[in-house]
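Below: one structure, written as structure tokens.
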Amino acid sequence: MLAYVDNGLQPGTSYNYDAAAINKTGQGNKAVLSNVWTLPQASNYIRQVNTTTESGTINFNVPRGTKGFRILVDEQRTLETSSVLSEYTITEFVHLD
């Protein structure tokens, strides 16, 4: 099996690839791999913008190529957004007595 590593790609960017086998009689049909996305870079800005006894709102930048966010709360619960938001309000707090 032959492997190819494409270095120097940009985060959150779509790339297209095609490959064809060649020998002394010529080139075979191309195999095409389209719309391959690299992972987005990490959000490098996050801050608390509002907090009440029942909720907390965070604000963050949206890196190129982002399709949603996975937010980890207290290293235990994960919240996911399916859209690109730059602000999210967490309302599922656990009250410890």
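The values are calculated or read from the model by the stated rules, or taken from the named source; none is laboratory data. Note that the structure is predicted; figures quoted are calculated from it, not measured. Every residue, glycine among them, receives a Cβ derived from its backbone with ideal geometry; neighbour counts consider all protein chains shown.
For residues that are surrounded by 10 or more Cβ atoms within 10 Å (Cβ to Cβ) and small (Gly, Ala, Ser), scanning just the stretch 1-35, find the one that is nearest to Val73 (Cα to Cα). Checking each candidate, the answer is Gly12. Looking across the stretch 29-54 at every residue that is touching a residue at least 24 places away in the same chain (Cβ under 8 Å) and β-branched (Val, Ile, Thr), the one that is nearest to Asn16 (Cα to Cα) is identified as Thr38.
Can you find, within the stretch 67-78, the residue that is surrounded by the fewest Cβ atoms within 10 Å (Cβ to Cβ) among those that are within 20 Å of Ser14 (Cα to Cα) and either in contact with a strand residue (DSSP E or B) (Cβ under 8 Å, 6 or more places away or on another chain) or modelled with pLDDT of 85 or more (or both)? Can you show your working first?
Residues of the stretch 67-78 within 20 Å of Ser14 (Cα to Cα): 67-69.
Imposing the further condition that a residue be either in contact with a strand residue (DSSP E or B) (Cβ under 8 Å, 6 or more places away or on another chain) or modelled with pLDDT of 85 or more (or both) reduces the set to 68-69.
Values: Gly68: 10, Phe69: 19.
Looking at residues that are within 20 Å of Ser14 (Cα to Cα) and either in contact with a strand residue (DSSP E or B) (Cβ under 8 Å, 6 or more places away or on another chain) or modelled with pLDDT of 85 or more (or both), I get Gly68.
Quick one: count up the residues across the stretch 1-31 that are more than 18 Å from the chain's Cα centre (by Cα), assigned to a strand (DSSP E or B) and of a type in the set (Gly, Ala, Ser). So the answer is 3.
Could you count how many residues in the stretch 41-53 are under 23 Å from Thr91 (Cα atoms) and either among the aliphatic types (A, V, I, L, M) or surrounded by 10 or more Cβ atoms within 10 Å (Cβ to Cβ) (or both)? Show your work before the answer.
Going through the stretch 41-53, the residues under 23 Å from Thr91 (Cα atoms) turn out to be 43, 45-53.
So of that shortlist, the ones also either among the aliphatic types (A, V, I, L, M) or surrounded by 10 or more Cβ atoms within 10 Å (Cβ to Cβ) (or both) come out as 43, 45-46, 49-52.
Going through the stretch 41-53 one residue at a time, the tally reaches 7.
In this structure, is Thr38 surrounded by 10 or more Cβ atoms within 10 Å (Cβ to Cβ) and out of contact with any helix residue (DSSP H, G or I) (no Cβ under 8 Å at 6 or more places or on another chain)? Answer is yes for this residue.
Residues being assigned to a loop (DSSP other than H, G, I, E, B) and at negative phi: count how many of those fall in the stretch 32-67. Show your work before the answer.
Kept after step one, since they are assigned to a loop (DSSP other than H, G, I, E, B), are these residues of the stretch 32-67: 38-45, 52-55, 61-67.
Next, from what is left, pick out any that are at negative phi: 38-45, 52-55, 61-64, 66-67.
The number of residues fulfilling the criteria is 18.
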